[in-house]
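Contents: one structure, followed by commentary.
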Amino acid sequence: MKGSTILSALALASVSAAQTPEGFTPVVTQKLEVTFGTKSVTPGLALQKTETSRQPTIGLNGTASGTYLWMLIDLDASTNFVNPKQGQPATYLHTVIRDFKASGAASADGITTLTSTATGPVAWFAPAPQPESPPHPHRYTNLLWEQPENWQIPAAANQMLQSQKVGFNVPSFITAAGLEDPIAANYFNVTG
């Protein structure tokens with residue numbers, strides 16, 4: 001009895017520590033710091049489209065000595081962008097930018113800002129869910145990977161990035177790209 005209580009507590013703790021939405025795979029527990037202007041994103045924060053029109057600043061708590069790949073996906077898109085209710089639910093790939101590195105030492109609050117001069121392989125595309133009745137929040141999920149040294153995007157992964165944006169499958173991309181699971185994540189909600 002005591003053992004099952006401990007296991008239940010551990011399972012609850014791991015779910016509550018997730019920085020990805022419930023049901024998303026893979027589960028990521030380290031928080032990716034995401035900031036739009038002066039607004040810091042906590043997992044599940046509701047934002048307006050206007051607040052997310054510019055690419056956010058991202059960072060990690062503590063030191064960041066590697067090179068990183070950042071992705072933004074909409075978990076609640078539709079296969080029909082003009083009339084979402086007429087389509088099927090689908091994940092939509094918004095952005096993938098490579099070569100993020102620490103822009104300096106950690107700030108006083110321990111956050112290391114990451115920057116990149118790259119604009120792709122999938123350029124910034126701001127959240128823009130269509131109005132729906134009733135209103136329906138879209139979960140925009142940010143994922144950060146350690147980018148392997150001298151990493152070049154394999155052809156199969158590049159094909160996914162360029163032609164499979166609707167219905168994008170993150171676990172399949174991880175395999176095709178030769179990446180490990182993401183090291184940090186965060187998500188926010190935007191309603192059309």
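The values are calculated or read from the model by the stated rules, or taken from the named source; none is laboratory data. Quantities reported herein were computed from a predicted structural model and do not represent experimental measurements. When we count neighbours, we look across all protein chains shown, and the Cβ atoms used for this are built from the backbone with ideal geometry, even at glycine. Heavy atoms of the whole protein, side chains included, go into the accessibility calculation; ligands, DNA and RNA do not. Shrake-Rupley method; radii C 1.70, N 1.55, O 1.52, S 1.80 Å.
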### Task
Please give the length that would be gained between F125 and E51 if that part of the chain were fully extended, namely 0.36 nm times their separation in residues minus their C-alpha to C-alpha distance (nm, one decimal).
25.3 nm
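How high is the relative contact order of the stretch 115-192, in percent, counting Cα pairs under 8 Å that sit 6 or more residues apart?
Details: 74 pairs, mean separation 40.6, N = 78.
About 52 percent, as a whole number.
The chain: D in µm²/s via Stokes-Einstein (Kirkwood Rh, Cα pairs, 10 °C, 1.306 mPa s)?
Values: Rh = 17.5 Å.
In µm²/s, the coefficient rounds to 91.
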### Summary
Those trypsin sites (Lys or Arg not before Pro) from the stretch 20-100 that are DSSP loop and have at most 13 other Cβ neighbours within 10 Å turn out to be R54
### Task
Just tell me the longest site-free run in the chain, where the sites are GluC sites (Glu not before Pro) in a DSSP loop having at most 14 other beta-carbon atoms within 10 Å.
23-148
### Query
222 nm [θ] for the chain, helices only, -39500 (n - 2.57) per DSSP H run of 4+, per residue, to 500?
-5000 deg cm²/dmol
### Task
Could you give the spread of the C-alpha atoms of the stretch 61-165 along their three principal axes, from largest to smallest, in whole angstroms?
48, 37, 17
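Across the chain, how many lysine pairs separated by 8 or more positions, or lying on different chains, have Cα atoms within less than 22 Å?
Values: K31/K39; K31/K101; K39/K49; K39/K101; K49/K85; K49/K165; K85/K165.
Eligible lysine pairs with Cα atoms under 22 Å apart amount to 7.
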### Query
Over the stretch 85-192, what percent of the accessible surface lies on carbon and sulfur atoms, probe 1.4 Å?
49
### Inter-site label distance for K39 and F81 at 7 Å from Cα along Cβ, in nm
2.3
